[in-house]
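Asker: Got a structure for you, written out below as structure tokens; questions coming shortly.
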Amino acid sequence: MPHLLTLSDLSIETINDILNKAQEIQMQNLYREPQPVITANLFFEASTRTRFSFEAAEKRLGYHVLNFSAENSSTQKGESLYDTLRTLEEVGVQAAVIRHKQDKYYEDLRDRLSLSIINGGDGCGDHPTQALLDLMTIKQEFSRFDGLTIAIIGDLRHSRVARSDAEVLTRLGARVLLSGPKAWMNETLPGEYVDIDEAVKTADVVMMLRIQHERHNQGMNLSKEDYHKQYGLTLERERLMKPGSIIMHPAPVNRGVEIADELVEAKRSRIFKQINNGVAVRMSVLEWAVNKNEEAEQYEYVAFKR
Amino acid sequence: MPHLLTLSDLSIETINDILNKAQEIQMQNLYREPQPVITANLFFEASTRTRFSFEAAEKRLGYHVLNFSAENSSTQKGESLYDTLRTLEEVGVQAAVIRHKQDKYYEDLRDRLSLSIINGGDGCGDHPTQALLDLMTIKQEFSRFDGLTIAIIGDLRHSRVARSDAEVLTRLGARVLLSGPKAWMNETLPGEYVDIDEAVKTADVVMMLRIQHERHNQGMNLSKEDYHKQYGLTLERERLMKPGSIIMHPAPVNRGVEIADELVEAKRSRIFKQINNGVAVRMSVLEWAVNKNEEAEQYEYVAFKR
Amino acid sequence: MPHLLTLSDLSIETINDILNKAQEIQMQNLYREPQPVITANLFFEASTRTRFSFEAAEKRLGYHVLNFSAENSSTQKGESLYDTLRTLEEVGVQAAVIRHKQDKYYEDLRDRLSLSIINGGDGCGDHPTQALLDLMTIKQEFSRFDGLTIAIIGDLRHSRVARSDAEVLTRLGARVLLSGPKAWMNETLPGEYVDIDEAVKTADVVMMLRIQHERHNQGMNLSKEDYHKQYGLTLERERLMKPGSIIMHPAPVNRGVEIADELVEAKRSRIFKQINNGVAVRMSVLEWAVNKNEEAEQYEYVAFKR
């Protein structure tokens with residue numbers, strides 16, 4: 001079964017297939033009756049939204065779900081990730097969603113397992129389902145990527161969202177602007193560094209990043225107030241935004257730091273819509289991983305009224 | 001969708017509807033086939049019985065369940081309860097069961113969310129589903145509340161059960177007697193303070209409260225043995241009880257402290273029956289919250305043989 | 001409902017029934033549609049594979065599953081295991097899988113509960129479902145137990161696998177050889193102590209045990225390398241094994257300590273097959289516990305294509 005490790009591994013055609021299926025799932029409110037499929041969520045880092053989003057997606061697909069948190073497990077007994085996953089494979093798990101502190105934890109696993117690894121975030125590396133839900137949100141708004149300007153602003157160095165998004169958006173024909181504190185610049189990202197006001201003024205999408213305190217070696221030197229003034233989306237800056245442009249943020253938001261409290265649910269904010277899209281995108285990704293090969297049993301969806 | 005925050009919010013008619021449905025569910029051993037409904041249990045305080053009771057109720061209703069414990073979550077990243085719940089809403093959660101240390105944690109949430117909050121206990125505040133299962137237990141025994149005498153004995157100050165029960169029982173026409181250590185008296189409760197022997201002798205229902213060590217600022221000054229002698233239901237005191245009267249306790253019981261070990265499963269004890277009633281009451285509450293509005297899809301129950 | 005506490009409690013006939021059903025489940029890839037049955041997994045010790053194996057088994061049987069870890073529970077409030085289980089009984093739980101640090105934790109519970117206890121491992125005591133999956137693995141290989149020679153090698157004192165396996169294998173007519181560090185010899189096990197090379201040379205099954213660091217009062221005196229040389233299955237020792245003989249290990253494996261890294265997935269290793277058998281054996285055990293009595297509703301299995 002295929003893995004989803006980084007978006008760079010996926011062709012544009014596959015990305016579009018996944019997005020189109022996600023849109024169909026969301027529009028028709030699709031779910032599945034219980035299926036004989038087992039998935040596992042292995043979160044070696046704390047998470048609410050991503051785990052819940054995947055778990056909701058899995059359950060709406062009718063899958064059985066095994067949840068694993070780093071605290072209560074044999075990894076304490078020194079077991080390697082490979083041995084844990086081989087075990088899950090034998091237990092019948094067909095897809096494992098993994099979030100892990102280590103960059104590219106999957107490198108020496110990808111060719112040794114028959115289950116599908118869905119990367120739920122690796123260190124300061126990638127977060128491909130977040131990038132897909134960001135794409136879905138942008139596509140719902142503008143129906144295209146080509147020619148759009150996307151400003152990604154903030155903690156560029158420690159954000160796996162920035163990496164995944166900048167790469168795929170560039171590939172899809174968008175222009176990526178980058179802005180944020182100098183200390184957090186990231187030379188490996190595609191995109192053009194500009195002043196924040198310039199970025200906010202020019203962009204169709206202003207994507208603010210979360211400050212990843214938990215992945216910093218040292219604290220931020222600025223107070224929250226100063227960060228907000230210099231690098232945040234303040235009320236004043238929001239007024240510079242173009243008509244029809246939107247605000248995004250991967251959440252959880254540090255309200256009043258990356259973005260003014262009042263803007264989180266403002267009319268042009270898509271922050272909670274992004275979360276909503278996350279479930280549909282993850283359903284689409286899981287179905288792609290579990291049911292895509294031709295020999296797999298094909299399960300039927302059911303639509304339900306809310 | 002409606003919230004269940006305190007019983008004071010519910011009319012006597014609604015309370016009776018919930019109790020009648022719970023009785024029907026229990027008598028006919030009802031459950032539901034899997035449904036496209038997602039609920040979440042958010043326990044910010046340790047709990048076995050309440051979480052398991054809700055989870056069993058949710059699963060017997062055919063719902064998908066997301067479990068959350070305070071340790072492994074973005075609340076560590078400083079997210080507010082509001083943002084967590086808005087996230088769950090977007091993930092598709094229709095009802096969230098919440099236990100929280102803070103009194104009235106729900107105050108600034110109630111009008112800002114479309115999901116239903118079911119209060120699973122707030123600080124030293126309320127515990128409405130516990131009160132409902134207590135009502136169900138009393139009703140099964142006496143078929144009425146009017147004219148009954150209920151003695152609530154023990155840690156009145158820190159017990160959310162005491163508050164919820166005293167309020168609703170008074171409203172339903174019962175006479176509430178209160179007894180316990182002076183230091184733990186609670187002026188805000190409706191009811192009449194009496195000597196413990198007097199309370200035990202007079203009551204149709206002797207409801208002993210758990211000592212809430214975890215909510216005390218300072219330890220109890222008495223030894224367990226002295227507490228038991230002065231404020232507990234000893235074997236001697238039990239002999240003072242009226243014929244037909246029953247013993248209740250919200251559990252978990254400190255055996256030999258609030259109540260003599262031998263009385264926990266005595267003939268007149270309803271302590272484990274209360275737990276059993278808890279599942280039926282919570283099924284009834286969840287159905288009321290999730291399916292009550294007229295536009296909601298109505299799901300069918302199935303009866304099963306044990 | 002029956003308990004499964006130790007294999008000594010089961011007749012050979014019952015053991016064979018369970019193994020045969022497990023084999024049928026595995027061969028036909030059986031599962032069940034959702035059933036109105038609730039089971040609980042109570043793990044008071046860390047575990048990945050055993051909990052996941054039971055949970056996958058329960059879910060493939062269509063049961064609802066309640067998971068409990070020692071950290072977030074009322075056992076912190078000092079509740080006894082008996083009271084916890086009585087609570088679960090009232091909540092509707094029909095079978096509880098329990099792993100506990102204390103040897104024979106079940107002794108004063110077995111006659112006081114109507115739910116079924118499935119022992120998932122007690123202290124340095126027993127681990128009956130592990131022994132059953134070991135039997136299943138051996139039977140798949142040799143179609144018999146009588147006349148086989150099984151060498152159990154390593155931490156005999158702290159291993160519950162060793163106890164459960166040595167007892168039942170002896171009863172089934174196999175010859176049990178024991179080997180390992182003198183400090184970890186266990187006089188209570190049936191079997192004959194021999195030199196490790198002798199054991200490896202003679203055995204049809206070389207069963208290596210995990211070093212149970214977490215159950216030792218003091219650390220091992222040997223370095224990992226020295227342990228491996230003296231008591232481990234090295235590449236050299238493996239060459240002494242008879243044609244057709246197999247390697248087993250309860251896992252998780254300390255690679256390079258109990259067994260050479262390269263041997264874990266060698267041709268004659270059945271280590272991951274054991275894990276695979278675990279799910280089928282546990283499905284069979286759970287069905288035996290939950291559905292065996294004649295009054296119980298009989299549920300139908302469904303076969304599914306992978």
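The values are calculated or read from the model by the stated rules, or taken from the named source; none is laboratory data. Note that the structure is predicted; figures quoted are calculated from it, not measured. As a convention, Cβ positions derive from the backbone with ideal geometry for all residues, glycine included, and neighbour counts pool all protein chains shown. Side chains included, ligands, DNA and RNA excluded: accessible areas come from the protein's heavy atoms. Shrake-Rupley method; radii C 1.70, N 1.55, O 1.52, S 1.80 Å.
Asker: I'd like to know if the range C:221-244 contains one or more residues that are closer than 24 Å to C:D9 by Cα and either in a loop (DSSP other than H, G, I, E, B) or of a type in the set (F, W, Y) (or both).
Answerer: Taking every residue of the range C:221-244 in turn, none turns out to be closer than 24 Å to C:D9 by Cα and either in a loop (DSSP other than H, G, I, E, B) or of a type in the set (F, W, Y) (or both).
Asker: Within the range B:263-289, work out how many residues are at the interface with chain C (Cβ under 9 Å from one of its Cβ atoms) and open to solvent by 10 Å² or more (accessible area, probe 1.4 Å).
Answerer: Qualifying residue count for the region: 5.
Asker: Same structure again: Give the residues of the range A:245-262 that are in contact with a Gly (Cβ under 9 Å, 6 or more places away or on another chain), small (G, A, S) and surrounded by 18 or more Cβ atoms within 10 Å (Cβ to Cβ), sorted by residue number.
Answerer: Listed by number, the list holds a single entry, A:A260.
Asker: Something else: Quick one: A:L177 ticks every box in (1) touching a Leu at 6+ places or on another chain (Cβ under 9 Å); (2) of a type in the set (A, V, I, L, M, F, W, C); (3) buried (at least 21 other Cβ atoms within 10 Å of the Cβ); (4) modelled with pLDDT of 95 or more bar one, so which box is it?
Answerer: Of (1) touching a Leu at 6+ places or on another chain (Cβ under 9 Å); (2) of a type in the set (A, V, I, L, M, F, W, C); (3) buried (at least 21 other Cβ atoms within 10 Å of the Cβ); (4) modelled with pLDDT of 95 or more, only one is false for A:L177: (1).
Asker: Can you work out which of the residues in the range A:14-35 that are in a helix (DSSP H, G or I) and over 19 Å from the mean Cα position of the chain (by Cα) is nearest to the other protein chains (Cβ to nearest Cβ)?
Answerer: A:Q28
Asker: Here are the criteria: (1) touching an Asp or Glu at 6+ places or on another chain (Cβ under 8 Å); (2) within 14 Å of chain A (Cβ to nearest Cβ). Tell me which single one B:L7 does not satisfy.
Answerer: If we test B:L7 against (1) touching an Asp or Glu at 6+ places or on another chain (Cβ under 8 Å); (2) within 14 Å of chain A (Cβ to nearest Cβ), just (2) comes out false.
Asker: While we're on this one: Exactly one of these conditions fails for A:K242: (1) surrounded by fewer than 20 Cβ atoms within 10 Å (Cβ to Cβ); (2) modelled with pLDDT under 95. Give me its number.
Answerer: With respect to (1) surrounded by fewer than 20 Cβ atoms within 10 Å (Cβ to Cβ); (2) modelled with pLDDT under 95, A:K242 is out only on (2).
Asker: Please indicate, with yes or no, whether at least one residue in the range C:93-115 is part of a helix (DSSP H, G or I), more than 30 Å from C:K139 (Cβ to Cβ), within 13 Å of chain B (Cβ to nearest Cβ) and among the charged types (D, E, K, R).
Answerer: no
Asker: Starting from residues that are in contact with a Pro (Cβ under 9 Å, 6 or more places away or on another chain) and without any contact (Cβ under 8 Å) to a residue 60 or more places away in the chain, keep the ones in the range C:128-156 and report whichever is nearest to C:I12 (Cα to Cα).
Answerer: By that ranking, first place goes to C:L156.
Asker: Looking for something among the hydroxyl-bearing types (S, T, Y), assigned by TED's automatic domain parsing to the domain that holds B:T137 and under 25 Å from B:I138 (Cα atoms) - is there at least one such residue anywhere in the range B:195-203?
Answerer: Looking through the range B:195-203, at least one residue is among the hydroxyl-bearing types (S, T, Y), assigned by TED's automatic domain parsing to the domain that holds B:T137 and under 25 Å from B:I138 (Cα atoms).
Asker: Within the range A:41-71, track down each residue that is at the interface with chain B (Cβ under 7 Å from one of its Cβ atoms), surrounded by 24 or more Cβ atoms within 10 Å (Cβ to Cβ) and part of a loop (DSSP other than H, G, I, E, B).
Answerer: Hit for the range A:41-71 is A:T48, nothing else.
Asker: Write out, first by first residue and then by second, each pair whose Cβ atoms fall under 7 Å of each other, whose residues are 6+ apart or on separate chains, and whose first residue, in the range C:90-119, is among the acidic types (D, E) while the second is at pLDDT 95 or above and buried (at least 22 other Cβ atoms within 10 Å of the Cβ).
Answerer: Partner pairs satisfying both residue conditions: C:E90/B:I275.
Asker: Here is a follow-up. From the residues in the range A:180-217 that are among the hydroxyl-bearing types (S, T, Y) and open to solvent by 60 Å² or more (accessible area, probe 1.4 Å), which one is modelled with the highest pLDDT?
Answerer: Across the range A:180-217, the extreme among qualifying residues is A:Y193.
Asker: For the list (1) under 20 Å from C:N67 (Cβ atoms); (2) more than 10 Å from chain C (Cβ to nearest Cβ), I need the number of the one condition that A:I38 fails.
Answerer: Answer for A:I38: the failing condition is (2).
Asker: Moving on to the next point. So, in the range A:127-174, of the ones that are among the polar types (S, T, N, Q) and touching a helix residue (DSSP H, G or I) at 6+ places or on another chain (Cβ under 6 Å), which residue ends up surrounded by the most Cβ atoms within 10 Å (Cβ to Cβ)?
Answerer: A:T129
Asker: Taking the range A:2-40 as the search range and keeping residues that are under 23 Å from A:Q94 (Cα atoms) and among the β-branched types (V, I, T), which one is most open to solvent (accessible area, probe 1.4 Å)?
Answerer: It comes out as A:T14.
Asker: Assess whether B:E89 counts as being facing chain A (nearest Cβ under 9 Å), at pLDDT 95 or above, on the phi < 0 side of the Ramachandran plot and open to solvent by 10 Å² or more (accessible area, probe 1.4 Å).
Answerer: Spelling it out, B:E89 is indeed facing chain A (nearest Cβ under 9 Å), at pLDDT 95 or above, on the phi < 0 side of the Ramachandran plot and open to solvent by 10 Å² or more (accessible area, probe 1.4 Å).
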